[in-house]
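Scroll down for the structure; my scribbles are underneath it.
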Amino acid sequence: MTPSLRPTPTASAAFWPPDWSQMVPDIIVAVLTGVIVGLVVLGAERSLERRRESATQNRLEQEAVDELFAPLFAPPFYDASSLLPAGTAFKSARRRMTSAPSVGTTESALGFWSLRLCCDAWERLRIQAERVERLMPASVRPPLFNKTIHRYFADPGVTWENARPPEPDPARAKELEDAVRAYCRVRSEMETSREAFISAVQGYRREEEALWDKKLKDRSRRRLLDLSRQAWAMKSQIVSLEGLKYRHERWGPYEED
């Protein structure tokens, strides 16, 4: 049999000319695949960044709570020398909180919100105390006046009619009364926030220590600790709300102080 003289098609000849009909669909698939992969990677990076920021926020908040719990544990003490608390605990706490993170939408460290409110209120209390001192009648000795204001704040039975110093100018007398009431509102906010902070942290630490002494599985202990944390956070809010109600009833609603 005579062999055929027709040339056998090579591989290059089989793919030539190229089939351009699949080029556009292939490009579309490649682009969509790249977009999807890019979005997935971007989402993963953002999620990782949020977790890092949350971990940093929690660490900084917890450091502030642990560092300021002991200095603010004792209730503030006032003497006749000033309208501000004696000692440097609140001033130092305010300075320390300037480097702490701002309050976010969620509280990572138990008590941090109350701690922030307490330290911010101290700064406003300092401003209000200076305002009251500027309006103090010249005929009144500062230690006696400060002692009277402290008594007016602490004793619900003392009215402003009993506590106010002699002031012949009615306009200045009204301005002084407004300044003293504003001072009392801010002071009450500061002390209530301190109380909410201390009670929440102290209560949770006691329950945490008690749970660690018990023989519990790690999963059960974590669940109980989480429930305890939520309960003390709620109690802290209740203390703050009760303080707000008392301030409103005793010295009137907040104004532009």
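Among 132, 40, 180, which comes first, second and so on when ranked by fewest other beta-carbon atoms within 10 Å? Before the final figure, lay out each step's value.
On the way: 132 19, 40 10, 180 24.
So the residues, fewest neighbours to most, are 40, 132, 180.
As a test of the formula, what do you get for the chain when each DSSP H run with n ≥ 4 contributes -39,500 (n - 2.57) and the sum is divided by the residue count, at 222 nm and rounded to the nearest 500 deg cm²/dmol? Walk me through the intermediate numbers first.
Working: 8 runs with 179 residues, N = 257.
Helices in the chain give a 222 nm mean residue ellipticity of -24500 deg cm²/dmol.
Under 18 Å Cα-Cα from residue 235, which aspartates and glutamates qualify once same-chain neighbours fewer than 8 residues away are excluded?
107, 189, 191, 195, 207, 208, 226
Would you please give the FRET efficiency between residue 133 and residue 62, computed as 1/(1 + (r/R0)^6) with r the Cβ-Cβ distance and R0 = 45 Å, to the nearest 0.05? Working shown, then result.
Numbers: r = 37 Å, r/R0 = 0.83.
The calculated FRET efficiency here is 0.75.
Have a look at 247, 221, 126 and tell me which one the Gaussian network model of the chain (Cα, springs below 10 Å) gives the largest fluctuation.
221
Give me the percent relative contact order of the chain, please, defined on Cα pairs under 8 angstrom at least 6 residues apart. It would help to have the intermediate numbers written out before the result.
Working: 197 pairs, mean separation 50.5, N = 257.
Relative contact order comes out at 20 percent.
Among 168, 76, 137, which one shows the biggest mean-square fluctuation in a GNM of the chain, springs joining Cα atoms closer than 10 Å?
Between 168, 76, 137, it is 168 that shows the largest mean-square fluctuation.
Can you give the net charge of the other residues whose Cβ lies under 13 Å from the Cβ of residue 89, counting K and R as +1 and D and E as -1?
Values: positive: 91, 94, 95, 96, 194; negative: 67, 191.
Once positives and negatives cancel, what remains is +3.
Looking only at 197, 145, 112, which one moves most when the chain is put into a Gaussian network model with springs between Cα atoms under 10 Å?
145
None of the figures in this text is laboratory data; all of them are computed from the coordinates on show. On a predicted model such as this, the values are computed, not experimentally measured, just so you know. Every residue, glycine among them, receives a Cβ derived from its backbone with ideal geometry; neighbour counts consider all protein chains shown.
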